[in-house]
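Heads up, the thing below is written out as structure tokens.
The values are calculated or read from the model by the stated rules, or taken from the named source; none is laboratory data. Note that this is a predicted model, so its numbers are computed, not measured. All Cβ positions, glycine included, derive from the backbone under ideal geometry; neighbour counts span all protein chains shown.
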């Protein structure tokens, strides 16, 4: 059952209702070396977004997996559950993951 019965994208109050899990996730990931830029409500009912600081591809992939495992474990310790299912219910927004990436260059490198 979602933590909210309505869409919470950019909603001011709903994310605070899940702050017990989100604050722990942000803090413990940061303490583990996974830099968290922030969390916010997302489009789906009870859906939240966590933004991790950019990194090289393999490091970003490792952080992604660590984040998902940490989220599930922290939620379970607080008698909550989290899913990363792509579509947990037919009528709801998709979930799981979206990734923002940049194709940039390092100083002194050239784009072919």
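In region 1-49, the qualifying residues are those that are at pLDDT below 70 and part of a helix (DSSP H, G or I), and the one that is farthest from residue 61 (Cα to Cα) is 14. The residues of region 28-52 that are exposed (fewer than 12 other Cβ atoms within 10 Å of the Cβ) and in contact with a strand residue (DSSP E or B) (Cβ under 9 Å, 6 or more places away or on another chain), listed by number, are 37, 38. For region 76-93, the count of residues that are surrounded by fewer than 13 Cβ atoms within 10 Å (Cβ to Cβ), more than 11 Å from the chain's Cα centre (by Cα), modelled with pLDDT of 80 or more and not in a loop (DSSP other than H, G, I, E, B) is at least one. The set of residues from region 63-95 being in contact with a strand residue (DSSP E or B) (Cβ under 7 Å, 6 or more places away or on another chain) and closer than 14 Å to residue 43 by Cα comprises just one member, 92.
Scan region 46-69 for residues that are in contact with a helix residue (DSSP H, G or I) (Cβ under 7 Å, 6 or more places away or on another chain) and without any contact (Cβ under 8 Å) to a residue 12 or more places away in the chain and the total you get is 1.
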